[in-house]
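Please treat every number below as a calculation from the coordinates, not as lab data. Since this is a predicted model, take the numbers as computed values, not measurements. Counting neighbours? That spans all protein chains shown, and the Cβs are built from the backbone with ideal geometry, glycine included.
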There are 2 protein chains.
Amino acid sequence: MNGVRIKDVAAKAGVSTATVSRVLHDNGYVSAAARERVEDALRESGYRINAVARELRKRRTITIGLILHGALSNPFVTEVVVGAEHAAAEQGFSVLLFNARGDAEREYECVETLLSRRVDGIVFTTAVSGDNVQRVVDAGVAAVEIERRLCPAAASVVVDNYDGAQEAMKHLLELGHRRIGYIGEPFPEAQARHEATDIARRRFDAYRDALREAGEPFDEACVVRGDYPREQGGWGGLETGAAYMDRLLAQAPDLTAVFAASDLLAAGALQTLYARGVRVPDRMSLVGFDDTFAPHLAPPLSTVRQPMFEMGFKAASLAITLITDDRAEPPVERCAMSLVVRATTARPGA
Amino acid sequence: MNGVRIKDVAAKAGVSTATVSRVLHDNGYVSAAARERVEDALRESGYRINAVARELRKRRTITIGLILHGALSNPFVTEVVVGAEHAAAEQGFSVLLFNARGDAEREYECVETLLSRRVDGIVFTTAVSGDNVQRVVDAGVAAVEIERRLCPAAASVVVDNYDGAQEAMKHLLELGHRRIGYIGEPFPEAQARHEATDIARRRFDAYRDALREAGEPFDEACVVRGDYPREQGGWGGLETGAAYMDRLLAQAPDLTAVFAASDLLAAGALQTLYARGVRVPDRMSLVGFDDTFAPHLAPPLSTVRQPMFEMGFKAASLAITLITDDRAEPPVERCAMSLVVRATTARPGA
DNA sequence: ACCGGATGTGTCATCGAATACACATTGCAG
DNA sequence: CTGCAATGTGTATTCGATGACACATCCGGT
């Protein structure tokens, strides 16, 4: 074990621990001679500061907690984590990572552990329970939510799903598509806003509104968004997308384009189209949502890019700002969605 | 700030801090009456233990560090992280996450920070510098490498790329394919083993050997593994895969199957095949490697599954075993690759 | 009645670094 | 040559929890 303490260094350099500390932090008065001797001692002894002791004394850990809910291999998660870590590292912060796996109980435990560990801030990627977030705020620790906004007292980083979906629809309409299908997640028609389901609703609303604004009649036959198993095996969106596209092909054979509310659904749809020999984009255009593995598909999928790295980055930065500045209002930062046109969209009948 | 200390709880319950500590850890003798009063005080004051202070005193942090090298959106990384976190959480350990981004210098800094923070163990996913790993071992901290084996003094979790590739080839040969192409990463022919390039070599060796064992002549025209930009924009393997498949189609038009040394390359290949109208698997079979987004492709890609979750899980478990048991020899654990047959492979001319 | 073990509780040093404070020493202005 | 600020350095306390140790008390056995 590396047992070199500041005391040992001080002894070696023939000074007191206070002087070593002053050299380490470059504050206070230290004579050139003493400084040199201390620096030598530091080097020779291979001293490594004990961050735990410093944290206790300073009552700051220079650490943020990151709680995520990775249903295994949710591609969404990766970039958020990488972005958050990047921002934290830039400011000299460390990241404690916890996976609450979509469970409020576990999320509660993660919060408790993080507060016990006296992190300076906590970033929630899609928090499950607002109470858990509130708990962090109550403890006087910076709290930032990503994607959701369950706790008004916390800061948050959000995107506008409506805007993103609107862009996708605008793109299809501008290409000349009139009959456009929709594949998406279900959501209870009547339910409070700002829940997980709200994302699905916002995307769907944009679809419906875009059609209306284009003067196209809304046709139920063009829409499939039944319930599908969200639990087992990750999202389960793949098979669903495939099944839904099949249904769409049967219900509305005159469709020339489909808007899928996620890349996963789009990927499933693409599989059906491939199996049925429907060429993309020649006979069917397709737009996805998220931009996770979209570029890997054949053909590369046009999709709405959700800036996940940026969201993670902003969230961590926000947390750190809150920690160092501690201002009054926890802000709400918005990230912009953007359409990425690849190879699955073209003029109808091209 | 939550400033409730064990001292406050003790005062409230009318006992000493030692008694509170005994209640908290359920050891030593505590009378029923005292226990009850302490438990009440604990509840009422909302006491939360200060893990930092405990860590300092106990000289154990119940934390492991995880260093990764996520070139943005490397799909490989996610599952490893999730697996490691899962194993750690099961044992009550926390995970400090650092991204060294493929840079030895940064990796060095990550190690220093983690050692400063007195983590009990460090898991390296594909370490960059063996010296950095050795440094951890020298500090008396448990070190585990994933995928590589740069430091013999550290434990490691490895997979056999040769075995995996062999399985892929066996599958194609058993289906009746004779002329099988190869798309892969380049590697210097003459170079020490156990480097990053070794993975590429092992996969290629398995391809070549499998053909030989099947009595098929080795044909350079069936192999494309030139140099492609590994740096910018993640792996850059996608465009490469597409370009290589194009070359293969031209060089060896009689191929009935192709083995791609990664899913990314396979995805690129699939894009070319789609663009050229070559039906998969009817006119061309394709096997990938890694099993990252393979199920999302159209058609779902047959591939060799690299058990990434398991590798992360095992690595963290191993680290924790090393911490708690501290035995003599750091073990080398092997994970098995397994072929996942999906929809891109079939008998030739089927 | 006395002793030893089981039971119950408090005191205080400790983990390693930071820092308030006290105490020197020097330099320079008045 | 006195006084005060600037410069250097060491001592001792603190952060919060732990646990070794000391000290009680109570009980049953002899």
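Please give the Cα centre distance for segment B:271-294 versus segment A:250-286, rounded to the nearest Å. Centre-to-centre (Cα) distance: 18 Å. For B:VAL304, the amide hydrogen comes within under 5 Å of the amide hydrogens of B:GLY288, B:PHE289, B:ASP290, B:ASP291, B:VAL340, counting only partners 5 or more places away or on other chains and with H modelled in the peptide plane. Converting phi to 3J(HN,Hα) with the Karplus coefficients 6.51, -1.76 and 1.60 and the offset θ = phi - 60°, segment B:162-179 yields 5, 3, x, 5, 4, 4, 4, 5, 4, 4, 5, 5, 5, 6, x, 6, 10, 8 Hz in sequence order, with x at every glycine or proline.
Label-point spacing at A:VAL158 relative to the other copies reads 5.2 nm, in ascending order, each point sitting 7 Å out from Cα along Cα→Cβ.
For B:ILE122, nonlocal amide neighbours, meaning residues 5 or more places apart or on other chains whose placed amide H falls under 5 Å from its own, are B:GLY65, B:ALA142, B:ALA143, B:VAL144.
Across segment B:136-150, rounded Karplus estimates of 3J(HN,Hα) from the backbone phi angles (6.51 cos²θ - 1.76 cosθ + 1.60, θ = phi - 60°) give 5, 4, 4, 7, x, 10, 4, 10, 10, 9, 10, 6, 10, 8, 8 Hz, Gly and Pro being marked x. Using a cut-off of 27 Å between Cα atoms, the listed pairs A:LYS7/A:LYS58; A:LYS314/B:LYS58; A:LYS7/B:LYS58; A:LYS58/B:LYS7; B:LYS7/B:LYS58 include A:LYS314/B:LYS58 as exceeding that distance. Copy-to-copy label distances for A:ALA33, where each label lies 7 Å from Cα along Cα-to-Cβ, are 6.5 nm in order of increasing length.
Restricting to DSSP loop positions (anything but H, G, I, E, B) with no more than 13 other Cβ atoms inside 10 Å of their own Cβ, which chymotrypsin sites (Phe, Trp or Tyr not before Pro) remain in segment A:121-219? Can you show the working numbers first?
On the way: sites: A:PHE124, A:TYR162, A:TYR182, A:PHE204, A:TYR207, A:PHE218; in loops: A:PHE218.
Passing both the DSSP loop test and the Cβ count: A:PHE218.
How do A:VAL38, B:VAL304 line up, fewest other C-beta atoms within 10 Å first? Kindly include the intermediate steps, with their values, before the conclusion.
Working: A:VAL38 24, B:VAL304 30.
Fewest-to-most ranking of A:VAL38, B:VAL304: A:VAL38, B:VAL304.
With R₀ set to 22 Å, the beta-carbon distance separating B:LEU24 from A:ARG60 gives a calculated FRET efficiency near 0.35.
In the protein assembly as shown, taking the dipole from charged Cβ atoms about the Cα centre, the farthest positive-side position among B:LEU115, A:SER16, A:GLN251 is held by A:SER16.
Just tell me how shielded A:53-62 is by partners: mean number of partner chain Cβ atoms within 10 Å of each residue's Cβ, no decimals. Let's see the in-between values first.
Values: counts 5, 4, 7, 8, 2, 1, 4, 1, 3, 2.
Neighbouring Cβ atoms belonging to other protein chains average 4 per residue here.
Here the 3J(HN,Hα) profile of segment A:38-52, calculated from phi with Karplus coefficients 6.51, -1.76 and 1.60 at θ = phi - 60°, is 5, 4, 4, 4, 4, 5, 5, 7, x, 5, 10, 4, 8, 5, 4 Hz, Gly and Pro shown as x. Where in chain A lies the longest segment free of GluC sites (Glu not before Pro) that are both loop residues by DSSP (not H, G, I, E, B) and have at most 12 other Cβ atoms within 10 Å? Value returned for the longest uninterrupted segment is A:1-188. Residues whose amide H lies under 5 Å from that of B:TYR182, counting only those 5 or more places away or on a different chain, are B:VAL223, B:VAL224, B:PHE259; hydrogens are built 1.01 Å from N in the peptide plane. Each copy carries a label point for B:GLY226 at 7 Å from Cα along the beta-carbon vector; from one copy to the others these points are 5.0 nm apart, nearest first.
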